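J.: First, the structure itself, so that you have it in front of you.
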Amino acid sequence: MGHKTGSAGRRLPSGEVQGRARGSRRVPAQTSPCREPLALKALPYHYPDSRPPGTDLAGSYPPRRSPSMSKMRKMRVFYLLLIFLCGAQSYTASRPNIVLLMADDLGVGDPGCYGNKTLRTPNIDRLANGGVKLTQHLAASPLCTPSRAAFMTGRYPVRSGMASRSLIGVFIFTACSGGLPTNEITFAKLLKNQGYSTALIGKWHLGVNCYNKTDFCHHPLRHGFDYFYGLPTTNLRDCKPGEGSVFTSASRWLVFIPLQIIGIAVLTLGVLHFLGLLHVPISVFICLLLLASLILILFLCFLHYFRPLNCFLMKNFDIIQQPMSYDNLTQRLTTEAVQFIQQNAETPFLLFLSFIHVHTALFSSKEFAHKSKHGRYGDAAEEMDWSVGQILNVLDELGLANDTLVYFTSDHGAHVEEVTTKGEIQGGSNGIYKGGKSNNWEGGIRIPGIFRWPGVIQAGLEIDEPTSNMDIFPTIAKLAGSPLPEDRIIDGRDLMPLLQGESQRSEHEFLFHYCNAYLNAVRWHPQNSTSIWKAFFFTPNFNPKGANGCFSTHVCMCYGNYITHHDPPLLFDISKDPSERNPLTPTTEPRFHEILKVMQEASGNHTKTLPEVPNQLSPGNSLWKPWLQLCCQSSSSALSCQCDREK
């Protein structure tokens, strides 16, 4: 019995690929004695005395061995050994090392191999030149937390409760109780069960604790990773002094406006009391002033303590730097990744290097600062590209390149609203595509997708079929020899037939695009057709009018007055209009209603497969809980969580 699939998808085989035993040594492909191991056959043995096999030789003297007979036996041993070695190579090739490289907020228009002429990304380009470049690779969500949940599990984030129904769509506080549920199966768990050494270096952003600060129920080490070094939550402007705050809008509504109202109330009541028009007890003034003082004190405490309480580095379950320092941060992450590869060169390994770049707050080391043509964003992107190069270099130096599948991507599109008050653009480029992070226009969900595996995947190919970051889960699970879970729907599809040219079409006939937990749009790639239809049930209201994003709220919202519903849905043919500038009508597309009917039926069938699960991003799960707060063990007070074990 195979694993379950979504209602709109096709069933995938769950056959198990035989894998190399842990600890065995690889046979490098370039030094292999054979190219087609399965085509070789053992040579037939020729009896020197011409008697047929099975002839009774009892009572007769054994034949004298001739030089030719000895030579034949040696040849037979040689060919048997050759077959064994070739079989071992095939055995090795089915269980490659896996290196997953994920940028944070990188736009599809940023790398040179995707058309950028001024941002220098020679190592990402080198990866693309040596492998396959996907030009319609899609994030399962346009936000960090749900996209990463989908990437790790091969499932739409709404299935695991990792899609919000409230205003905030990602985890902001480390000491919140939400996170990737313990019953979810990640690709790290599957590969660890197959004998892989597994490590996550960099950003996690899928929760830490559930009930107390030592249960670590959502921690990477509880989800299949043997080793973790990085940020348990995410990089924010508030983590770097002088870079502003992501809470500016919230502060205005929760702090400054209430203080203004209290101030006006005190002033008005004071005037009325002074004129004798209204008797106001002194206790009223005292209560209002105390309330204003409390709001102001809480706000100042929040500003002071947010950074150390949320912006810190961990190694496994231990805090090693609180608050986090940006000094040579990319170099430290890269060193950890390189050392993990070196330490596991003789065993199959999974490395997930989840970059901090290029999410704000932007940073770079002095070697890269002020060197790019795109300001601090360009500096950060080029430093990340350097890190990619270091990973590729160590694979080459250790002779592991031909035994390693390398994948590069971003968690979603570039954040186009990242512009400072001084007009400095701190977000990336989504190329010709509309929109960006937090919305499902193509700019929000089109991401780089590069695969390299020398000798297995043809170099220099471009594939324009719809694929998803959820596809990584079944792809690497099958390569590692792991069957897919049969007790749940896996929405991803094995990409190897497409990458190796065995198939010319994506296995995704339908893909569903969510804005948080709300079904926003559906994509349909009909069989025997080059068209790729995309229908929006609602779209975000960009502001100011005519802009390419939601600048007043910094990200686009998914409900209420922030969106416009469409009935009938807004329809595009992405194959002809990738920039989504010209919505189709019954006049411009004669099959308009027929197409929408199919897509709406597919959406209805899909939603029927969604279970009721706890919402991990509910307000109750997202709010800060002091009893879940992690703090350096060496700290003398819970109010002074500071340590630096990196020095």
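None of the figures in this text is laboratory data; all of them are computed from the coordinates on show. Since the structure is predicted, the reported quantities are computational estimates derived from the model, not experimental observations. Don't worry about glycine lacking a Cβ; one is built from the backbone with ideal geometry, like all the others, and counts go over all protein chains shown.
J.: Would you mind classifying the range 410-468 by shape? Square roots of the alpha carbon gyration tensor eigenvalues, ordered a ≥ b ≥ c; an a/c under 1.5 is rounded, otherwise it is prolate if a/b is larger than b/c and oblate if not. Mind showing how you got there, number by number?
T.: Details: a/c = 3.43, a/b = 2.25, b/c = 1.52.
Taking the square roots of the gyration eigenvalues as a ≥ b ≥ c, the range 410-468 is prolate.
J.: Spelling out what I want: for every residue of the range 397-411, take phi, set θ = phi - 60°, compute 6.51 cos²θ - 1.76 cosθ + 1.60 (Karplus), and round to whole Hz; glycine and proline get x.
T.: 4, 8, x, 9, 4, 6, 10, 10, 8, 10, 10, 10, 7, 10, 6
J.: Right, next: With each pseudo-label sitting 7 Å past Cα toward Cβ, what's the residue 261-residue 346 distance in nm, one decimal?
T.: Computed distance between label sites residue 261 and residue 346 equals 6.8 nm.
J.: With the Cα gyration tensor of the range 456-521 giving a ≥ b ≥ c as the square roots of its eigenvalues, does the rule (a/c under 1.5 for rounded; else a/b larger than b/c for prolate; else oblate) give rounded, prolate or oblate?
T.: Oblate.
J.: Right, something else. Taking 0.36 nm per residue of separation and subtracting the Cα-Cα distance, what length does fully extending residue 167 through residue 547 add?
T.: Details: separation 380, 0.36 × 380 = 136.80 nm, distance 2.16 nm.
Fully extending the segment from residue 167 to residue 547 adds 134.6 nm.
J.: Taking R0 as 35 Å, what FRET efficiency do you get between residue 214 and residue 304 from their Cβ-Cβ distance, rounded to the nearest 0.05? Before the final figure, lay out each step's value.
T.: Numbers: r = 26 Å, r/R0 = 0.73.
Here the calculated transfer efficiency is 0.85.
J.: Cβ neighbours within 10 Å, averaged per peptide: list 263-270, 162-169 in order, most packed at the top. Spell out each step's value before the answer.
T.: Details: 263-270: 12.9, 162-169: 22.5.
Result, highest mean first: 162-169, 263-270.
J.: Label the range 180-260 by shape, choosing from rounded, prolate and oblate, from the square roots a ≥ b ≥ c of the eigenvalues of the Cα gyration tensor; if a/c is under 1.5 it is rounded, and otherwise prolate applies when a/b is larger than b/c, oblate when it is not.
T.: Numbers: a/c = 3.71, a/b = 2.36, b/c = 1.57.
In terms of gyration-tensor shape, prolate.
J.: Distance in nm between label sites at residue 461 and residue 274, each 7 Å beyond Cα in the beta-carbon direction?
T.: Result for the modelled spin labels: 8.1 nm.
J.: Let me ask you something else. Work out how much length residue 285 to residue 601 would gain on full extension: take 0.36 nm times their residue separation and subtract the Cα-Cα distance, in nm to one decimal.
T.: Gain in length upon complete extension: 107.6 nm.
J.: Could I ask something else about it? Once you've got the Cα coordinates, tell me which of 192/213; 371/434; 203/437; 434/534; 117/576 are over 19 Å apart. If you can, show how the numbers build up before the last one.
T.: Working: 192/213 26 Å; 371/434 29 Å; 203/437 17 Å; 434/534 14 Å; 117/576 24 Å.
The answer is 192/213; 371/434; 117/576.
J.: Tally Lys/Arg at +1 and Asp/Glu at -1 over every other residue whose Cβ is under 13 Å from the Cβ of residue 367; what's the total? List each step's numbers first, then the result.
T.: On the way: positive: 366, 371; negative: 327, 379, 382, 383, 385.
Within the 13 Å Cβ shell, the charges total -3.
J.: Could you tell me the calculated FRET efficiency between residue 373 and residue 250, based on Cβ-Cβ distance and R0 = 41 angstrom, to the nearest 0.05?
T.: Once the sixth-power term is evaluated, E becomes 0.75.
J.: Kindly rank 357-369, 554-566 from highest to lowest mean number of other beta carbons found within 10 Å of each residue.
T.: Details: 357-369: 20.7, 554-566: 16.2.
For the peptides 357-369, 554-566, the packing ranking is 357-369, 554-566.
J.: If you look at just the Cα atoms of the range 521-647, how large are its Rg and its Dmax in Å?
T.: Just the Cα atoms of the range 521-647 yield Rg and Dmax of 23.0, 72 Å.
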